[in-house]
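Here is the structure we will look at.
The values are calculated or read from the model by the stated rules, or taken from the named source; none is laboratory data. Worth saying up front: this structure is predicted, and the values here are computed from it rather than measured. With ideal geometry, Cβ positions are generated from the backbone for all residues, glycine too; neighbour counts draw on all protein chains shown. Side chains are part of the model used for accessible areas, which takes the heavy atoms of the whole protein and leaves out ligands, DNA and RNA. Shrake-Rupley method; radii C 1.70, N 1.55, O 1.52, S 1.80 Å.
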Amino acid sequence: NKETGAAAAQEIRDEGGDALFLETDVTDDGSVRHAVEATVSRFGGLDILMTCAGGSLQEDLPVHEMDLEIWNRTIALNLLHPFLCCRYAIPHMMRAGGGSIINLGSHMGLKGSQKPAYSAAKGGITAFTQTLAAQYAAYGIRANAIAPGTVRTERSIKRWESKASETLTAGERAQLAVRKLYPFSVGEPEDIAAIAVFLASNDSRMLTGTTIAADGGRSSYIKVMPTP
C-alpha cells in the first residue's frame, strides 16, 4: 500500500528517526530481492528482518469447498513471503556476523481452526522459524516468531467492531464470545511491536527457534462459558 507505507516512513522521520519505504510485492521474487538490495544500499547493511505481511480470506473454506486459487494466494502471502525475504536477507546477515529474524505467525497456526489455508501457512511459519534457527546459529543469526491473537488494526476494527450486533454472522458472534473468555487475547499493534523490539534486541539473545504466543492464552488452555 503505497500511500500508507509512505505515510509511515514520513511519521518516523518526523519523530527524528530514519526510514525508507519501498513499494514491494512480497510474493514476487524479483520485487523482494529489489527491496532487500535497496535497503542494504541505503543503510549499509542489514541486521534485523521482520516479515509481517499476511492475512486470511473469507473464502478460506473447508478443504472440500475451497477454490485452489484461494489456497495458493494464502500460502504465497503468508509462507512464501517469509521464505523470499529470508532468501535475500540472510546472506547480508551472514556477512554482517549475525542478526535477528522475526516472523509473524498466528494463534491459528498453533492449533486447528476453521481456516485450513491460513492455519497451514501459519503453522508452517513455526517449523520454518525453527529450521532457520538451526541452520544459521553458527552465523550468529537468531530466528523467532510471534503468534498473535486478535490485534486491533484498522482492518480488524472494520471487520469486528464496526458492525451492528444484528448484522453479525454466527461465526462472528462466536468469535466475540471467545474474546470474552480470553480477555487478554485482544491487543493493540503496540503490544506486538513491543515483543518485536525485544526479539530484535540483544535482550533476547538467549531466544532462538521460539514462537511467542501473544494470544492471551487461546492456544494454551481451554476455557468454557460459565453456566448461568
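Looking across the range 37-60, the residues that are open to solvent by less than 50 Å² (accessible area, probe 1.4 Å), more than 24 Å from VAL151 (Cβ to Cβ) and out of contact with any Leu (no Cβ under 7 Å at 6 or more places or on another chain) come down to GLY45, LEU46. Could you say whether any residue in the range 208-225 is out of contact with any helix residue (DSSP H, G or I) (no Cβ under 7 Å at 6 or more places or on another chain), within 23 Å of THR4 (Cα to Cα) and either at pLDDT below 85 or exposed (fewer than 13 other Cβ atoms within 10 Å of the Cβ) (or both)? No; the residues of the range 208-225 include none that is out of contact with any helix residue (DSSP H, G or I) (no Cβ under 7 Å at 6 or more places or on another chain), within 23 Å of THR4 (Cα to Cα) and either at pLDDT below 85 or exposed (fewer than 13 other Cβ atoms within 10 Å of the Cβ) (or both). Taken over the range 95-130, the residue count meeting the criterion of being more than 18 Å from ILE75 (Cα to Cα) and in a helix (DSSP H, G or I) is 3. Here ARG87 does not fit the description of being part of a helix (DSSP H, G or I), farther than 24 Å from ALA121 by Cα and either acidic (Asp, Glu) or open to solvent by 70 Å² or more (accessible area, probe 1.4 Å) (or both).
The single condition among (1) part of a helix (DSSP H, G or I); (2) within 14 Å of the chain's Cα centre (by Cα); (3) surrounded by 18 or more Cβ atoms within 10 Å (Cβ to Cβ); (4) modelled with pLDDT of 95 or more that ALA143 does not meet is (1).
Checked against the criterion of being over 27 Å from ARG218 (Cα atoms) and basic (Lys, Arg), the range 37-50 has at least one qualifying residue.
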